[in-house]
Amino acid sequence: MQRSIEIDSPLPVSPGNPARPTLAAKVAGYPAVLSGLVTLRSFAVFIAIWWAAAAWTHSPLQLPTPLSVLTALKSLAIDGEMLDNALTSFTRLAISMGIAVVVAVPLGFLMGLSERANAYIDPMVEVLRPISGIAWIPLALFIFGVGDVLPVFIMTYVACFPLLLNTIAGVRGTDRRLLAAARTMGVPQSRIVRHVVMPGALPTIMVGLRLAFAGAWSAIIAAELIGSPSGLGFAIEWYRQLLMSPKVFAYIIAIGAVGYSCDVALQALQRTLTPWARGTELA
Amino acid sequence: MSATLALSSAGRRTPDMLRAIALPITLLVAWQLWAMTLPDDTRAPSPASVVAAFVRLCASGNLPISLAQSFGRVLVGFAIGLVLGVSLGTLMGASRAVRRNIEPIIESFRPIAPMAVLPIAILWFGTGTPAGLSIVGYAAFFPMLLSTAQGVSRTDRNLVQAARTMGVSRFRILAKVIVPAALPSILLGARLGMGVAWTAIIAAELAVGAKSGGGSSGGIGQMMFIFYSYSIDMNGIVVCMIVVGVVALFIDRLFRIAERHLIPWRQ
């Protein structure tokens, strides 16, 4: 089933991401403090290189110094503009993830449980899946115009596929013995779905959710950059046209920060909802 | 994996093929019928006019040229991402010290979508091919790097130690032990990376077209943008979308076939 899951994800939060640094540090017997210091040193070196490059090229338009980016970041944060744009993008993201979950998860259960539904619907999914969300932007611009609906549509489209495919995989991967046991004990079908299939599929669905988020987050930038008058993606392009490079860089940092914190939040959700699947969720 | 719960009685009355095409065909027919109810001068696309647009675009040579442009950019950009990703990934996978030092930087760049760096690419390289290449390279770099690092770090230690005991040189260990062991991961990364790269080039061309008033970038993405903003040709846009999908499918299948041939021991 792996094949279906990976294709469109720009950040493969996939079957075995390399171990997190903290984990690697633990394995190596390194105390967390030391690993934190190493991280700090890496960033220091990175910023030093950036600074040196900026000083060397001496072209603040193309490569502003870290200090000017920090100043821009501060002023954007203080006057609330960055927060506004981040909230706009985040709201769109949340709405589309909500729609995608409501559409894709039940459909995934249907397709995973019923061979016949799968035979009818799966070909349609396979026809649509290779068409990336980005490719829908021009057509969606015609249909929805420039505004809020376009990014939400694009993100929902992008998020649906990993969710759907992971739900199907999760439902099908339910332990056969558990099913047989429940059936032997005369548990009705609806309760089997509720109490056996659902918990069994949840870890895979959660992975699908993270993949869906990764895809959607990458698509929202494109959608906002091209067809929206607000949001983080719009802001970076806006400041590029004004040739205010430090603000462009500041917004790029903001995009990374929001994306990163959402993924951390999803991981936390994953741990809370499926504590039993820790570490084995992708085995 | 193919086991299903078979809640519904498995009806085998309808042949598989017919079931597979039932929904797509129904939707196509519904779309065509809907389009026929519209006035004649409508700009709304219909299956028949999409086919006509496809023939027209192929005959004029616009579509093949744009496709070649986009695909060429993907290949070059992907090659850049591949070389950087595989070399750095091998270092990261082989040495824990390198990994510990580089990983924080990599992890902080990873949530920055390729499209977000497009404005910088335009500032640095203008609106031409180099900007597209850098976006594609950036997009393909991360899956390549992560898969390679993972594959290399999961190499069987016993094999490496055995080779070392027998006095095999470091370079030969890399070429004969580590690379073959990591190959499945590297190929998986390449497939993912190529898929992302193809999406990224369309996005980049589209955005360059949209943000530089047409520009001179060329490619499928820009073609879509021109259909959107100048010629208002929705049929052309749908043709481009289908082409984008078919190419993505083609790339995916190609890599799967390559995987089957290059790593026959991993079926």
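The table below lists the values:
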quantity: Kirkwood estimate for the stretch A:58-189, i.e. one over the average of 1/r between Cα atoms, Å; calculated: 18.6
quantity: Highest-fluctuation residue, B:Val51, B:Val208, B:Val86 considered, GNM on chain B with Cα pairs under 10 Å; calculated: B:Val51
quantity: Cα gyration tensor category, rounded, prolate or oblate, for the stretch B:1-150 with a/c compared to 1.5; calculated: oblate
quantity: B:Tyr138 accessible area, 1.4 Å probe, all protein chains in place, Å² to nearest 10; calculated: 40
quantity: Most mobile listed residue (A:Met206, A:Met155, A:Met198) in chain A, GNM with C-alpha springs under 10 Å; calculated: A:Met198
quantity: Protein-only accessible surface order, largest first, of A:His195, B:His261 at 1.4 Å; calculated: B:His261, A:His195
quantity: Per residue value of the accessible surface for the protein assembly as shown (all protein chains in place, 1.4 Å probe), Å²; calculated: 46
quantity: Alpha-carbon Rg/Rh ratio, for the stretch A:24-135, with Rh computed the Kirkwood way; calculated: 1.21
quantity: Anisotropy class of the stretch A:64-277 from Cα gyration tensor, a/c 1.5 cut; calculated: prolate
quantity: B:Leu254, A:Leu209, B:Leu145, reordered so the largest accessible area comes first (probe 1.4 Å); calculated: B:Leu254, A:Leu209, B:Leu145
quantity: Cβ-derived FRET efficiency at R0 60 Å, A:Ser59 paired with B:Met166, nearest 0.05; calculated: 0.65
quantity: Distance from the stretch A:212-283 to the stretch B:61-104 (C-alpha centre basis), Å; calculated: 21
quantity: Top of B:Arg191, B:Arg157, B:Arg253 by mean-square fluctuation, Gaussian network on chain B, Cα under 10 Å; calculated: B:Arg157
quantity: Inter-site label distance for A:Leu83 and B:Arg253 at 7 Å from Cα along Cβ, in nm; calculated: 5.3
quantity: Tensor-based shape of the stretch B:47-262 (alpha-carbon gyration tensor, a/c under 1.5 rounded, otherwise prolate or oblate); calculated: prolate
quantity: Kirkwood hydrodynamic radius (C-alpha pairs) into Stokes-Einstein, the protein assembly as shown, 20 °C and 1.002 mPa s, D in µm²/s; calculated: 86
quantity: Accessible surface buried upon B-A contact (total; probe 1.4 Å; Å², nearest 100); calculated: 6900
quantity: Compactness relative to 2.2 N^0.38 Å, alpha carbon Rg of the stretch A:210-283; calculated: 1.42
quantity: Solvent-accessible surface ranking, highest first, for A:Ser35, B:Ser153 at 1.4 angstrom; calculated: B:Ser153, A:Ser35
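The values are calculated or read from the model by the stated rules, or taken from the named source; none is laboratory data. This one's a predicted model, so the numbers in the text were calculated from it and none came from an experiment. Cβ atoms come from the backbone with ideal geometry, glycine included; neighbour counts cover every protein chain shown. In case anyone asks, the SASA skips ligands and DNA or RNA and just uses the protein heavy atoms, side chains included. Shrake-Rupley method; radii C 1.70, N 1.55, O 1.52, S 1.80 Å.
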